[in-house]
Amino acid sequence: MNNSETFGLIKFFDNEDFLSQLCNGTFYCNTPEYYRLHTKQGVSDRYECCSWSFRKTRGDAGAKIVVGGHTIEGLNYVTLRATGMKDSWLHCWTLLEFSQDEAEVESLVNDLQRIRNEFGLNYAYMPPSNIWPFLNYLKTLTQHEVSASCVTYSSRPNEWSPICKSMDYQYQREFRFLIGECQELATDQLIIQNQNGFSDFILKDAGLAIQNINGETFLL
């Protein structure tokens, strides 16, 4: 967006218990393979963090590799990465970014409605002033390397990586935390615990609302 302003991060849940767990200090991170194998709309991404993937267990068929004229078949899995970036555990949010352009506001509302339909109505909200302090605090809770980035979107598979996804997911406006380095086929979650909770950084169902220039209000 042009001339846009960030108003924080939002993360939707269909299970209020999971939302409460986050606010109370349980930080769940999933592997890229978890998303590659998932089948739910919005969650599933066969090419999460990579340019292309083949998984026999997913029902994929027909993959083969030709080396020096010799064909290698019977493959169980293949993962191609053009950027060289390795897999990390992921914890994903939606970036709330507003513009004075009315069409952009309408686009944001439509995207949020779609995300809520796919992920749930309950939500965590992180004000913009809390994002980077939260990142720094998260670094004190784990020995893994921790980083964070807005996700970009591209129609070119050779650009897909942990911080770039297919244009099909552009509506998710993603901001993600990347934790450590996980194995390519790993599906086990990484869980970071904080006994003090995250209430200093994260609000539960904060009662947010978006209003357009016509006074129409979209409640979150």
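The values are calculated or read from the model by the stated rules, or taken from the named source; none is laboratory data. Just so you know, these numbers come straight off a predicted model, no measurement behind them. In this analysis, Cβ positions are derived from the backbone assuming ideal geometry, glycine residues included, and neighbour counts consider all displayed protein chains. Surface accessibility is based on the protein's heavy atoms, side chains included, excluding ligands, DNA and RNA. Shrake-Rupley method; radii C 1.70, N 1.55, O 1.52, S 1.80 Å.
Taken over segment 204-220, the criterion of being open to solvent by 80 Å² or more (accessible area, probe 1.4 Å) and touching a Phe, Trp or Tyr at 6+ places or on another chain (Cβ under 9 Å) is satisfied by 204, 211. Select from segment 69-107 the residues that are assigned to a loop (DSSP other than H, G, I, E, B), modelled with pLDDT under 85, open to solvent by 80 Å² or more (accessible area, probe 1.4 Å) and not charged (D, E, K, R) and list them in ascending order. Selection gives 100 alone. Residues that are more than 19 Å from residue 182 (Cβ to Cβ) and aliphatic (A, V, I, L, M) within segment 83-103 comprise 95, 96, 103, listed in sequence order. Quick one: in segment 50-68, of everything that is at pLDDT below 85 and part of a loop (DSSP other than H, G, I, E, B), which residue is least open to solvent (accessible area, probe 1.4 Å)? Top of the filtered list is 63.
This table checks each residue for (1) free of Cβ contacts under 8 Å to residues at least 60 places away in the same chain; (2) among the basic types (Lys, Arg); (3) within 17 Å of residue 209 (Cα to Cα); (4) in contact with a strand residue (DSSP E or B) (Cβ under 6 Å, 6 or more places away or on another chain).
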residue	(1), (2), (3), (4)
53	yes, no, no, yes
61	yes, no, no, no
78	yes, no, no, yes
90	no, no, no, yes
94	no, no, yes, yes
98	no, no, yes, yes
118	no, no, no, no
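Note on segment 150-181: among residues that are among the charged types (D, E, K, R) and in contact with a helix residue (DSSP H, G or I) (Cβ under 9 Å, 6 or more places away or on another chain), the one that is nearest to residue 86 (Cα to Cα) is 165.
Within segment 129-157, the set of residues being surrounded by fewer than 17 Cβ atoms within 10 Å (Cβ to Cβ), hydroxyl-bearing (Ser, Thr, Tyr) and over 17 Å from residue 194 (Cβ atoms) comprises 129, 147, 149, 152, 154, 155.
From the list 142, 152, the one residue that fits, being at pLDDT 95 or above and closer than 24 Å to residue 47 by Cβ, is 152. Scan segment 12-34 for residues that are closer than 13 Å to residue 118 by Cβ and crowded, with 18+ Cβ neighbours inside 10 Å and the total you get is 2.
Do we find a residue being among the polar types (S, T, N, Q), within 22 Å of residue 30 (Cβ to Cβ) and modelled with pLDDT of 90 or more anywhere in segment 116-124? Yes: one or more hits.
Could you list all residues from segment 158-196 that are within 15 Å of the chain's Cα centre (by Cα) and surrounded by fewer than 16 Cβ atoms within 10 Å (Cβ to Cβ)? Selection gives 167, 168, 169, 170, 189. Just a yes or no: is a residue in segment 11-33 in a strand (DSSP E or B), at pLDDT below 95 and β-branched (Val, Ile, Thr)? No, segment 11-33 contains no residue that is in a strand (DSSP E or B), at pLDDT below 95 and β-branched (Val, Ile, Thr).
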